[in-house]
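Notes for the one structure printed next.
The values are calculated or read from the model by the stated rules, or taken from the named source; none is laboratory data. Just so it is clear, the structure is predicted and the values come from calculations on it, not from any experiment. Neighbour counts run over all protein chains shown; Cβ positions are idealised from the backbone, glycine included. The area values use the complete protein model at the heavy-atom level, side chains included, leaving out ligands, DNA and RNA. Shrake-Rupley method; radii C 1.70, N 1.55, O 1.52, S 1.80 Å.
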Amino acid sequence: MDWGLITALLERWRPETHTFHLRPGESTITLQDVEVLLGIPIEGKAVTGNTNLKPYDLCKRLLGEQPTKEDINGMKVKAKWLSDRFTGQVEEGADPEVVTRQARGYLLLLMGETIFADYSGGYVHLANLEHLENFDEAGTYSWGSGALANLYHNLCHGCKADKKQITVCFILVQSWAWEGLPYLAPGRLGKRASKASAPLIGRWDDVFHSPDLATHVVGAYRYHLDIQRPDEVIWTPYSEELLESLPEYCRAGRAVWRATVPLIYYVVCQYHQPE
């Protein structure tokens, strides 16, 4: 991750408007960005429900194991506890219930450390586990809108002057910046196939090799953003041709990309204002 770029952007985040205040104007991460970049569904039922559950019983029933008291903090479980138990290989011919529990644990960890990351310090909220009880049912939720609500919430928390650290879906923030502020982005991967097999995030190289990049320190990014020209911001980075090259699941929610609606993630409710 390019922490210098993320820090410089965070300093320009305004919680009153949920936008980054750039020199040419305001810009923000939208539902379109979530679906196009990450391939996460943005249509469906709101990700909400009862958060006053019994964590030990919930883990035993859906994961087959109970964490110790040292691994539990309220309704959150240590990410390490999940990692130690649900990221290994499942033996061939294992009981289907064992496979299902392993999948639940892995998905819970994956979501908790990416799209639903927060500032709890190495813990994953167990509320989402209940939504993974039935995988067919799990596919009917708007995980993308919940992820965006969580992102807005944590950006608003982290941009305060007295905060020394922040945890959000960093890969989404960074990829969004690379798409809209290409002069700060690394070189892209080679020419893409005519029909993409992954979300748009896959077209970025992991190696910073562009000769026109800043030096990857926050001071350099501050300077570049302070002198930014209007033509250095791409307000609509996804061309029709590019969108058509993406998998269908990266375009399925197109009808609501510009919807002005509340974004819900349990107790978090933020507003989506793409205008």
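Sort 227-233, 2-8, 246-252 by packing, meaning the average of other beta carbons within 10 Å per residue, with the highest value first.
Details: 227-233: 12.3, 2-8: 19.9, 246-252: 15.4.
Highest mean packing first, the order is 2-8, 246-252, 227-233.
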* In debye, nearest 20: dipole of the chain around its Cα centre with unit charges on the Cβ of K, R (+) and D, E (-)? -> 520 debye
* Mean Cα-pair separation over length for the chain, i.e. relative contact order, pairs under 8 Å, 6 or more apart, % -> 31 percent
* Asked: Given springs between every Cα pair under 10 Å in a Gaussian network model of the chain, which of F135, F116, F20 has the largest fluctuation?
  -> F135
* Heads up, I need the accessible area for K45: 1.4 angstrom probe, whole protein in place, Å², nearest 10. => 80 Å²
* To do: Under 15 Å from the Cβ of K60, count the other residues' Cβ atoms, weight Lys and Arg +1, Asp and Glu -1, and hand me the total.
  => 0
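Based on the alpha-carbon gyration tensor of the chain, what equivalent-ellipsoid semi-axes (square roots of 5 times the eigenvalues) come out, in whole Å, largest first?
Working: eigenvalues 221, 93, 72 Å².
In descending order the semi-axes read 33, 22, 19 Å.
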* Structure fact -> Rounded to the nearest 10, the angle in degrees between the Cα long axis of helix 170-180 and the longest principal axis of the Cα atoms of the chain comes to 30 degrees
* Cα centroid separation, the range 1-32 to the range 63-121 (Å) -> 32 Å
* **Accessible area per residue, Å², the chain with all protein chains present, probe 1.4 Å** => 51 Å²
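With the cut-off at 1.5 for a/c, could you classify the range 44-176 from its C-alpha gyration tensor as rounded, prolate or oblate? Provide the component values of the computation, followed by the final result.
Values: a/c = 1.80, a/b = 1.53, b/c = 1.17.
Prolate is the answer for the range 44-176, as a/c is 1.5 or above and a/b outweighs b/c.
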* Structure fact -> With all protein chains present, the chain has a carbon and sulfur share of its accessible area (1.4 Å probe) in percent of 52 percent
* Asked: Which angle between 0 and 90 degrees, to the nearest 10, do you get for helix 143-158 versus the longest principal axis of the chain when only C-alpha atoms count?
  -> 70 degrees
